[in-house]
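Computed from the coordinates by the stated procedures, all read-outs in this text should not be read as laboratory data. Just so it is clear, the structure is predicted and the values come from calculations on it, not from any experiment. Reconstructed Cβ throughout: ideal geometry from the backbone, glycine too, with neighbour counts over all protein chains shown.
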Amino acid sequence: MRIVGLSLLLLVAALLPARAADPWGIAGEKEQVVIGQVVDVLCHLKKDCPANCGGGRRQLGIVDAEGRLRMVAKGQVDFANAVPDLLAYCGKRIEADGLLIENPVITLFFLQRIRHEGSADFQPAERFIQEWTARNGASSEWFRDDPETKAIIGEVGPLGIKGLVPPPQ
């Protein structure tokens, strides 16, 4: 009887949608699996369509079955976008687990896990940090050690406008 009960429990668990999005406490957030096709946002909206979704230099999104464009604002890594995780799926259908943030101005999707539609396992949306670490070495706070960011701050200052400095604390 225990084996039958355990088997039934495993069957039910296998049939439920696999979700593991972590809430972040953002107003209007809801955990959601978005199923749809990965698109280059400019291509989708303006028909400006370079090969391979722009090769990582364009904003990517997901168009769901109802035709809604879900702008993917960021991935699972602090201060990093989700383009490295989505690029391999350009033009393909995926299941994306994360947080849908809805407010009257804009709806955004924060990607936490991703898989080909119908695949067994989600993968964490952490490709950005894997690629960054391969280029730059390990760092506990990549955004403070990023050579490109340091160069930009050196050129235009910490506020993004040359000569403008924050007030003393």
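A Cβ-based charge dipole, computed about the Cα centre of the chain with Lys and Arg at +1 and Asp and Glu at -1, lands at about 280 debye. Candidate values (i) 50, 21, 21; (ii) 74, 40, 36; (iii) 47, 30, 28 were compared with Cα extents along the principal axes in Å computed on the shown model; the agreeing label is (ii).
Summary value for the stretch 26-156: 24 percent relative contact order, contacts being C-alpha pairs under 8 angstrom separated by 6+ residues. Cross-link reach is defined here as a Cα-Cα straight distance under 23 Å, omitting same-chain residues fewer than 8 places apart; for residue 150 the lysines meeting it are 74, 162. With θ taken as phi - 60° and the Karplus curve 6.51 cos²θ - 1.76 cosθ + 1.60 applied, the whole-hertz 3J(HN,Hα) list for the stretch 62-68 is 10, 9, 7, 4, 8, x, 7 Hz, x standing for glycine and proline.
Dipole size of the stretch 98-169 about its Cα centre, with +1 on Lys/Arg Cβ and -1 on Asp/Glu Cβ: approximately 120 debye, rounded to the nearest 20. Note on residue 123 and residue 22: the model spin-label points, each 7 Å out from Cα along the C-beta direction, lie 2.0 nm apart. What FRET efficiency comes out for the pair residue 165/residue 47, r = Cβ-Cβ distance, R0 = 35 Å, nearest 0.05? So, using R0 = 35 Å, E works out to roughly 0.25.
Evaluating 6.51 cos²θ - 1.76 cosθ + 1.60 at θ = phi - 60° for every residue in the stretch 28-36, the Karplus couplings come out as x, 7, 8, 5, 7, 9, 9, 10, x Hz, glycine and proline recorded as x.
Classify the stretch 27-86: rounded, prolate or oblate, from the alpha-carbon gyration tensor (a ≥ b ≥ c, eigenvalue square roots; a/c under 1.5 rounded; otherwise prolate if a/b is larger than b/c)? Taking the square roots of the gyration eigenvalues as a ≥ b ≥ c, the stretch 27-86 is oblate. Residues 93, 135, 113, 58, ranked from the fewest to the most other C-beta atoms within 10 Å, line up as 135, 93, 58, 113. As a proxy for reagent exposure, 101, 161, 94 were ordered by neighbouring Cβ count within 10 angstrom, fewest first; the result is 161, 101, 94. The phi-based Karplus calculation (6.51 cos²θ - 1.76 cosθ + 1.60; θ = phi - 60°) puts the 3J(HN,Hα) values of the stretch 144-152 at 7, 9, 6, x, 5, 5, 4, 5, 5 Hz, whole numbers, x for Gly and Pro.
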